[in-house]
Structure formats: structure tokens, C-alpha cells
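What follows draws every value from the coordinates through simple rules; no lab data is involved. What you see is a predicted model; the values in this text were computed from it and never measured. Ideal geometry is used to build each Cβ from the backbone, glycine not excepted, and the neighbour counts take in all protein chains shown.
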Amino acid sequence: TSAQPAPVGISFPDGFVWGAATASYQIEGAAREDGRGPSIWDTFSRTPGKVHAGHTGDIACDHYHRYPEDVAIMADLGLASYRFSVAWPRIQPDGTGPVNVRGLDFYDRLTDELLGKGIDPVVTLYHWDLPQTLEDRGGWTNRETAEAFAEYAQIVHARLGDRVGTWTTLNEPWCSAYLGYASGIHAPGVQNPASALTAVHHLLLGHGLAARALRSAGAQNLSITLNPCEVSPLDPESAADRDAARLIDGLANRIFLDPLLRGQYPADVLEHISRLTDLSHIKDGDEAIINAPIELLGINFYTPSYVSAKPGHPGAPDYPGSDGIAFRKPVGPVTDMGWQIEPASLTRLLTRIHRDYPGTPLLITENGAAYPEVPSENGEVHDLRRIEYIDAHLRACHDAIAAGVDLRGYFAWSLMDNFEWAEGYAKRFGIVHVDYTTQQRVLKDSAKWYREVIRRNGLE
Ligand code: GBH
């Protein structure tokens, strides 16, 4: 390989927020404690064949009990902010009805622990652990789930709103809808394209109803986190490939961004989905509800997509109606998830969102990489590839800022190794290593490196 020029030092704007992120089911454990009800991920992970090696979140990182130690680690790293999610089934074990105060107590303790160390909490209300009782009534295919979500949001805000400033309604509704109800590789494991499209709408409606409820309760910093993806035609010269990219971009990105930030589903997307399901679940006035004002848009970024038109190809199971479209296999270096590493795609994605949906500040709410490290004899974890991944993506963020994008912060995914959904504990995204036998936490080299990045608000 040819010699690369040494990267130059860069600094981020004053007040740029440095954080790390986790999610309730992935780290908490204590699945049956203090009145928590079952979620769709309890059911799914206990269903043979759904999760790698039959792993479950029953114990996970035992964060429910070890949160003081985990918050101490965050403080040691100098995190300005910590993004975590609240488990709905801890708050309302049946999804609606009686509030389980012991569930609220846990997040109250966690919030105070964070504030006591000067760490700003960013609360996500839904990171995929839907109460099972709601799924038994259709889950996100049922409009009532959206209404229940707004009620639950209000309950959490009533307890934490005096101390939590930033609220995120949903994490990645793309995953909840398409992985949950189309490909079925995530809970609840349904494989029905029409259900997935109905779920998209009810998730967005739930966001809008919750945003409205939080706003009237006085919340001022509202957001949703998406996982937008840059979808490119494999051959930019091919009109058929460009059409394929536009269709996937519609299902991946514009189906969420347009109603959220422009108040309307895109016509081409409605046309596409009307061939797969009737649109009777979209009621008059829904788009206006979804278009509730937000102060921040959260972006989770891992990898881009390249697609081409391929007549007769079955398409991707997580994109309803994508038959005739092929996704390119990753090219070049990949992470342990098999995801292509292409930091410049993040710059282009941020620039595009800033251009097409102006006026909403952006926040990287997740970015990171899985690699299969094991601690060395002396207990160190030399995860150079993760350092390189994050370094390159931070440079990509900086490029976007230089191009005029209003990017407010960066949250590493993840603070610590955790339950990686269908991959169980086999994939490690943490900057902190977790030994699942002893529950011992060890800072990987990436955590020590990130501490220096935070300290100097930039890269060397
Ligand atoms: C996030 O989802 C989640 O919010 C988080 O809980 C999770 O632990 C983390 O990421 C890591 O997975 O096969 O190349 O087309 C990320 C979900 C990642 C889904 C990229 C689609 C496309 C990969 N997405 N993916 S590719």
C-alpha cells in the first residue's frame, strides 16, 4: 500500500458533546427483578434458534446492580453525557395500566448517580424492549401501541423530567419495523412485509404522540434516533441501479425523515408500499402529529449500502417489496459484524441530511465497531482496530462540520460489551471489556484513547 500522509490534528467546536451509549435490554440483566414484566426480547431470546447460542439478556452486564461502578467508569473517561434507555416493562409491566414504582426508582438512582458525577443523561424511551402484553395484542401493528407509548413516556418524564434534559422517543424505528416484522431476525420475529409497513407508521405515530405529551409536560429538548443509511447505486451510470437506490433510500430513510421533518410521506414511497398493503392505517392528521417539533435528530451510523437492479433477484427480506434489487457484498475491510468500513459515507450522509432537512441539529447517538478481543495475560485489551474505526469516523464528523453541518456531539457505541441482539454476547462493541463470567470491567485501549480525545476535544 502507498504511504498515507500523516493525519493532522483536529479539534471540535466548543461544547461538542462527548458521550457513550447503551440500551436497557443489552446491559441491565435483572430480567425478573423488582416487578419488571416480560418484553418481546425475553420471549424471543428464549425461543430456540433465534439468538446465537441461546443467549438471553437475563443477566447481561448486570448493570442493574453494578450501575455505580459503571457510572464511575464513565466519570473516569470524562464523558460529558451518557445515553441509556428505559425498559418500558420495568415501568408498566403490562405496557398499559399500573405503574411499577420500583422500576422508576432504578432510573431515578441511575440519574442521580450520573448527575452526581457531572454526567448529563440522555434518555431513550424505547430501545426495542416492548412489553410482551402489547405484542400479544399486535405490538406495533396495533395503533393502540402508539397511544400506550405516549402514556408511558409521560410517566417516565413525570419522574425524571426535573433532572433529565434530553429525551429521545425511539431508537431506530427502521430496526423495530423491518427486522422485527419483515425479516423477523429481531423480536417479535414476525415475517410479514405488510405488518412491517404498518409498524413503521405506528412507530412514527408513537413518536409524535409522545413528543406532544412530553412537550406539554414541559420537556424542551426532544429527539428521535434513526439509523439512516447512505444507499448508492452500484453503477451510478445505470438508470436501473439509480432507481433501485432510490427505492431503498425511500424505505430506509425518507419514509422516516419526510413525515418527521416535512410532515408528509414521500409520494413515491406511498406508491411503493400501497402495492404491498392498503394504507388505511394512515389516518387524516397523523402526519401532522408525526411532524411534532424536535430539537435534535439522533443518527446511528455503522456502514453504507450499495444496490443494483437484478431482475429475478429475491431482494432483501428486511426491505418490503425489494425483489429485483441486490445488495453488494461488503468490499474491503469489515468489522466482526461483516459490515463494510467506509467513514466518508458518514460525511456524505450528514451533509445530505443537513441539506435535505435543514434546521434540525444532528447528534451522532451511536457509532462504533465490533471486534473479537480477548484480554492479554496482564488484562489489557489492545483494540487498535476499534481505535482506527472511531478515529476515522470522528474525522468524517469533523469533515461534515467543516462543510457546514450542525453536528452537536458524538456517542460511542458502546460504553461496554453487551448483548448484541441476535448475535448474543458473541459480538463485542464496547470500549470497555466485560468478562461475562466474573462481570469484571476492563478499559480497552480504545477507552483510554477516547478519554484523551475527550480531554483535548479533538484528535492528535
Ligand atoms: C444499532 O443497530 C442498535 O441501536 C444497537 O442496539 C446495536 O447494538 C448496534 O447498532 C450494533 O448492532 O448488512 O451491511 O447491510 C444497528 C442496526 C446496522 C442495521 C447496520 C442495518 C446494515 C448492515 N443496523 N445494518 S449490512
Restricting to lysines and to Cα separations under 24 Å from K427, and discarding same-chain partners fewer than 8 apart, the set is K50, K329, K444, K448
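Below 8 Å between Cα atoms, with a sequence gap of 6+, how large is the relative contact order for the chain in percent?
Values: 972 pairs, mean separation 79.9, N = 460.
Relative contact order comes out at 17 percent.
For R212 and Q191 in the same chain, what is the full-extension length gain: residue separation times 0.36 nm, less their Cα-Cα distance, in nm?
Values: separation 21, 0.36 × 21 = 7.56 nm, distance 3.15 nm.
The span from R212 to Q191 would gain 4.4 nm if fully extended.
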Between D58 and S274, the two model label points (7 Å from Cα along the beta-carbon direction) sit apart by a distance in nm of 5.0 nm
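Which of the peptides 290-299, 411-420, 328-337 is most tightly packed, and how do the rest follow, going by the mean number of other Cβ atoms within 10 Å of each residue?
Details: 290-299: 20.5, 411-420: 25.7, 328-337: 13.6.
By packing density, highest mean first, the sequence is 411-420, 290-299, 328-337.
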Here the Cα Rg-to-2.2 N^0.38 Å ratio for the range 161-200 is 1.50
Output ordering of 195-206, 132-143 (per-residue mean of other Cβ within 10 Å, highest first) is 195-206, 132-143
Under Stokes-Einstein, the range 314-353 at 37 °C and 0.692 mPa s, with its Kirkwood radius over C-alpha pairs, diffuses with a coefficient in µm²/s of 269 µm²/s
In Å, the Kirkwood estimate of hydrodynamic radius for the range 3-79 over Cα pairs equals 15.7 Å
Relative contact order as a percentage, the range 95-246, C-alpha pairs under 8 Å and 6+ apart, gives 25 percent
Here the range 258-313 gives, from Cα atoms, an Rg and Dmax in Å of 15.3, 44
The size of the Cβ-based charge dipole (Lys, Arg +1; Asp, Glu -1) of the range 372-424 about the Cα centre, to the nearest 20 debye, is 300 debye
Under Stokes-Einstein, the range 75-140 at 25 °C and 0.890 mPa s, with its Kirkwood radius over C-alpha pairs, diffuses with a coefficient in µm²/s of 187 µm²/s
Taking Rh as the Kirkwood radius computed over alpha-carbon pairs of the range 37-106 and applying Stokes-Einstein at 37 °C with viscosity 0.692 mPa s, one gets a diffusion coefficient in µm² s⁻¹ of 230 µm²/s
Of 209-219, 42-52, 421-431, ordering from highest average Cβ density within 10 Å down gives 421-431, 209-219, 42-52
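Under the definition of Cα pairs under 8 Å and six or more residues apart, what whole-number percent is the relative contact order of the range 238-328? Write out the running numbers ahead of the final one.
On the way: 100 pairs, mean separation 27.1, N = 91.
Averaging sequence separation for qualifying contacts and normalising by length gives 30 percent for the range 238-328.
Taking the Cα centre of the range 1-104 as origin, work out the dipole magnitude from +1 charges on Lys and Arg Cβ and -1 charges on Asp and Glu Cβ, in debye rounded to 20. Walk me through the intermediate numbers first.
Numbers: 8 positive and 11 negative charges, 62 e Å.
Roughly 300 debye, rounded to the nearest 20.
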Taking the convex hull of the alpha-carbon atoms of the chain and averaging its shadow over every direction gives an area in square nanometres of 21.5 nm²
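Kirkwood hydrodynamic radius, the range 81-217, all distinct C-alpha pairs: what's the number in Å? All intermediate terms of the calculation are to be shown ahead of the outcome.
Values: mean 1/r = 0.0664 Å⁻¹.
It is 15.1 Å.
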log10 I(q)/I(0) for the range 1-145, Debye formula on C-alpha points only (no solvent), q = 0.12, 0.13, 0.19, 0.22 Å⁻¹, two decimals, reads -0.59, -0.66, -1.12, -1.36
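Cα-Cα pairs above 25 Å in the range 240-368: how many percent? Walk me through the numbers on the way to the answer.
Details: 2864 of 8256 pairs.
The proportion of pairs with Cα distances above 25 Å equals 35 percent.
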Contour minus Cα-Cα span, D136 to R32, at 0.36 nm per residue, comes to 35.5 nm
Note to self: C-alpha centroids of the range 408-440 and the range 222-289 sit apart, in Å, by 31 Å
For the chain, the dipole about the Cα centre with charges only on Cβ (Lys and Arg +1, Asp and Glu -1), to the nearest 20 debye, works out at 280 debye
